[in-house]
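First the structure, in the form of structure tokens, and then the observations on it.
The values are calculated or read from the model by the stated rules, or taken from the named source; none is laboratory data. Nothing here was measured: the structure is a model prediction, and the numbers come from that model. Virtual Cβ from ideal backbone geometry, glycine too; neighbours counted across all protein chains shown.
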Amino acid sequence: MEQTLVILKPSCVARGLMGEVIGRIEKRGITVIAMKMMQLDLNILREHYAHLVDKPFFPGLAASMMATPVVCMVLKGVDVVSVFREMVGVTNGRKAAPGTLRGDLCMSNQANIIHASDSVENAKIEIARFFKPEEICDYTPANISFIYGDGEY
Ligand code: IDP
Ligand code: MG
């Protein structure tokens, strides 16, 4: 079963959108198996955004990610890495499709409310970066047979 790492960014927390985003995750039938608030620092952001550290916008991006605490979550579901990336939409909120989280809830390329792992391999690395194994409460919801059909889960 796949798991993916999600961060509700300061642009989500500060704008009062945490409940909306978590509600949409729940309504889709995706299971939240870990969740906590964290104040990020430069060390973890240099790791998490290693592919962007040399970009001119990195200092501004790092500052925006440290502006308030964030909410980190682990989500579980069938194909959840790609399913959730589709729900998030493309990076620039102004170009994200209506119906996606970014396309419905933000107007920015940087303050785009949410991070989600982009591959199964990166999800494993990112989950280990933000959570200790004992913080992950893996379980199967009681209504699982109404979320998936025979043999899907
Ligand atoms: P993603 O979040 O859609 O996976 P990435 O390319 O991995 O996009 O970039 C990580 C984050 O860095 C973005 O979500 C956004 O907050 C920020 N970012 C990416 N490109 C730019 C840019 O050109 N200007 C400012 N911030 C950017
Ligand atoms: Mg990315």
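Taking the listed residues 68, 91, the one that is closer than 26 Å to residue 42 by Cα, in contact (Cβ under 8 Å) with a residue 40 or more places away in the chain and polar (S, T, N, Q) is 68, with no other qualifying. Scanning region 49-95 for residues that are within 9 Å of ligand 1 (Cβ to nearest atom), among the hydrophobic types (A, V, I, L, M, F, W, C) and touching a helix residue (DSSP H, G or I) at 6+ places or on another chain (Cβ under 6 Å) turns up 52, 58, 65, 88.
Taking region 96-113 on its own, how many of its residues are of a type in the set (A, V, I, L, M, F, W, C) and within 12 Å of ligand 1 (Cβ to nearest atom)? It would help to see each step written out before you state the result.
In the first step, residues of region 96-113 are kept if they are of a type in the set (A, V, I, L, M, F, W, C); the result is 96-97, 101, 105-107, 111, 113.
Remaining after also requiring within 12 Å of ligand 1 (Cβ to nearest atom): 96, 101, 106, 111, 113.
So the count comes out to 5.
In region 1-17, the residues that are farther than 13 Å from residue 101 by Cα and surrounded by 17 or more Cβ atoms within 10 Å (Cβ to Cβ) form no Cβ pair under 6 Å with any partner that is modelled with pLDDT under 95 and not acidic (Asp, Glu), whether six or more places apart or across chains.
I'd like to check something: does region 129-138 contain any residue that is within 22 Å of residue 47 (Cα to Cα), out of contact with any Ser or Thr (no Cβ under 8 Å at 6 or more places or on another chain) and within 16 Å of ligand 1 (Cβ to nearest atom)? Yes, region 129-138 contains a residue that is within 22 Å of residue 47 (Cα to Cα), out of contact with any Ser or Thr (no Cβ under 8 Å at 6 or more places or on another chain) and within 16 Å of ligand 1 (Cβ to nearest atom). Would you be able to say whether some residue in region 101-121 is away from ligand 2 (no atom under 16 Å from the Cβ), touching a helix residue (DSSP H, G or I) at 6+ places or on another chain (Cβ under 9 Å) and over 19 Å from residue 16 (Cα atoms)? Taking every residue of region 101-121 in turn, none turns out to be away from ligand 2 (no atom under 16 Å from the Cβ), touching a helix residue (DSSP H, G or I) at 6+ places or on another chain (Cβ under 9 Å) and over 19 Å from residue 16 (Cα atoms).
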